[in-house]
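Okay, structure first, notes after.
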Amino acid sequence: MAIGTSRVNARPAIVIVGAGVIGLSIAWRLAQRGAAVIVFDQATAGAGASHAAAGMLAICAEAEPGEEALVALGRASQAAWPAFARELEAAADLSIDLRREGTLLVALTADDQARLKHRLEFQQRLGLPVEWISGAKARRREPHLAAGIAGAVLSPEDHQVDNRKLVAALRVAAERAGVTPREHCTVARIVISAGRAVGVALADGTQVHADAVVLAAGAWSRRIEGLPSDVRPPVRPVKGQTIALRMDAAEPLINHVLWAPGAYLVPRRDGRLIVGATVEEKGFDAALTAGGVLSLLEAAWRAVPAVEELPIDDMWVGHRPGSRDDAPILGPGPVDGLVYATGHYRNGILLTPVTADTIARLVLDGAVDPVIAPFGVERFHRAVAAE
């Protein structure tokens with residue numbers, strides 16, 4: 001859907017609903033190509049799932065049967081991440097702490113080992129760079145792992161980035177490129193005229209014209225009015241509770257991203273150790289619970305017993321944008337002038353580069369990249385028709 005403008009020699013006017021990493025990165029790419037971009041967010045830019053995330057760039061070690069298209073999308077984004085990070089850091093004069101130690105998926109018991117090895121066979125058939133290593137080799141990499149672990153899957157290309165630094169850098173880079181961020185400014189509805197999205201209406205009644213609208217509001221995407229119910233993206237909030245512990249930054253307890261049964265552990269250069277995250281179908285409930293915190297701490301302690309000595313630095317709740325099949329919704333929809341970039345679930349940080357590049361090309365050139373073609377909103381309409 002290449003856009004046109006109603007003004008001679010005018011820059012295309014693009015409105016983006018949602019200022020998380022997805023909305024900000026798309027805005028940055030569009031502005032780099034000369035578009036006039038406004039990004040609206042009901043809160044502070046990046047304050048939702050982008051702030052709550054752990055920043056894992058993981059697709060290899062988590063790949064499961066039925067996710068082949070998602071794996072291809074994730075691998076494309078992994079490949080883009082190093083250059084994307086360098087470009088962004090140069091544009092913003094800020095570091096985003098892209099780390100490349102890789103990821104270990106730890107098996108504490110024989111049952112854990114059987115589950116991981118079963119999935120490993122599928123991953124290796126896809127040609128993914130993952131391998132089984134013994135418990136002794138895993139402990140040589142991470143000496144604080146529990147004694148007697150059964151082994152681990154090593155995924156050397158599943159990295160991490162500091163998601164909060166990523167948000168800050170994207171905000172600066174986007175503004176320097178000419179993007180106008182409008183925080184604490186709620187979009188009430190998408191304005192449709194003659195079957196085309198022509199802008200948005202704000203909560204105060206103000207209407208903002210656009211040549212195209214990008215819906216990137218994460219877990220709130222379905223709440224935006226103006227679209228017929230059958231073309232609203234089927235995105236729901238999936239609650240996650242997360243804890244940050246405090247390590248000695250000079251002598252961190254771990255250096256790899258660790259996945260253990262029931263929790264992941266993500267070390268930061270500043271000494272924080274992110275332990276997350278629960279997966280709860282509780283709508284927009286934002287309560288930290290004793291049970292949620294206990295389950296995370298117990299899972300982390302079983303894998304790395306020394307965490308019991310670490311002070312708790314922070315705790316928070318986030319809401320992942322989960323689609324009906326937990327894969328992203330990317331591309332044009334049945335309403336001309338409207339583009340979807342939502343539903344990234346647990347992969348929003350990972351998929352930031354590929355989403356930004358493909359959606360910007362779609363908006364300005366009308367080109368649907370083959371890597372996002374399987375993720376159009378129409379797949380849900382086909383599924384309903386087949387029932």
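Each value in this text was obtained by applying a stated rule to the coordinates, not by laboratory testing. Remember, predicted model here, so these are calculated numbers, not experimental data. Every residue, glycine among them, receives a Cβ derived from its backbone with ideal geometry; neighbour counts consider all protein chains shown.
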**Positive-end extreme of charge dipole, region 257-302 - chosen from Ala290, Thr278, Ala263 (charges on Cβ)** = Ala263
**Item:** Span from the region 110-185 Cα centroid across to the region 257-282 one, whole angstrom
**Value:** 10 Å
**Message:** Out of all Cα-Cα pairs in region 43-198, roughly what percent, to the nearest whole number, are more than 29 Å apart?
**Reply:** 38 percent
**Complete:** Using alpha-carbon coordinates alone, the radius of gyration and Dmax of region 31-117 in Å work out to 17.7, 57
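If R₀ is 41 angstrom, what is the calculated FRET efficiency for the pair His184 and Glu68, using the beta carbon separation as r and rounding to 0.05?
0.50
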**Item:** HN-Hα J in Hz across region 182-197 - Karplus 6.51, -1.76, 1.60, θ = phi - 60°, x for Gly and Pro
**Value:** 10, 8, 6, 9, 7, 7, 7, 7, 8, 8, 10, 9, 6, x, 10, 6
**Item:** Unit charges on C-beta of K, R, D, E only; dipole of the chain, Debye
**Value:** 500 debye
**Message:** Through the Karplus equation 6.51 cos²θ - 1.76 cosθ + 1.60, θ set to phi - 60°, convert the phi angles of region 120-128 into ³J(HN,Hα) values in whole Hz; use x for Gly and Pro.
**Reply:** 4, 4, 5, 4, 6, 5, 7, x, 6
**Item:** Karplus 3J(HN,Hα) series, Hz, for region 360-375 with 6.51 cos²θ - 1.76 cosθ + 1.60 (x for Gly, Pro)
**Value:** 4, 5, 4, 5, 8, 10, x, 9, 8, 5, x, 5, 9, 4, x, 10
**Item:** Paramagnetic reach from Asp285 in region 47-67 [backbone N under 16 Å; point 7 Å along Cα→Cβ]
**Value:** none
**Spacing of the two label points (7 Å from each Cα toward its C-beta) at Ala147 and His118, in nm** = 3.1 nm
**Prompt:** In debye, nearest 20: dipole of region 195-297 around its Cα centre with unit charges on the Cβ of K, R (+) and D, E (-)?
**Reply:** 80 debye
**Prompt:** Under 5 Å between amide H atoms, partner at least 5 residues away or on a different chain: which partners does Val130 have, H built in plane at 1.01 Å?
**Reply:** none
**Request:** List the residues whose amide H sits under 5 Å from the amide H of Met247, counting only those 5 or more places along or on another chain, with H placed 1.01 Å from N in the peptide plane.
**Result:** Arg272, Leu273
**Asked** For region 312-346, list residues with backbone N below 19 Å from a point placed 7 Å from the Cα of Ala373 toward its Cβ?
**Response** 328-334, 340
**Fill in**
For Val191, the residues 5 or more places away or on another chain with a placed amide H closer than 5 Å to its own amide H are Val198, Gly199, Val200, Ala201
**Request:** Given the peptides 312-322, 189-199, 222-232, arrange them by the average over their residues of other C-beta atoms within 10 Å, most packed first.
**Result:** 312-322, 189-199, 222-232
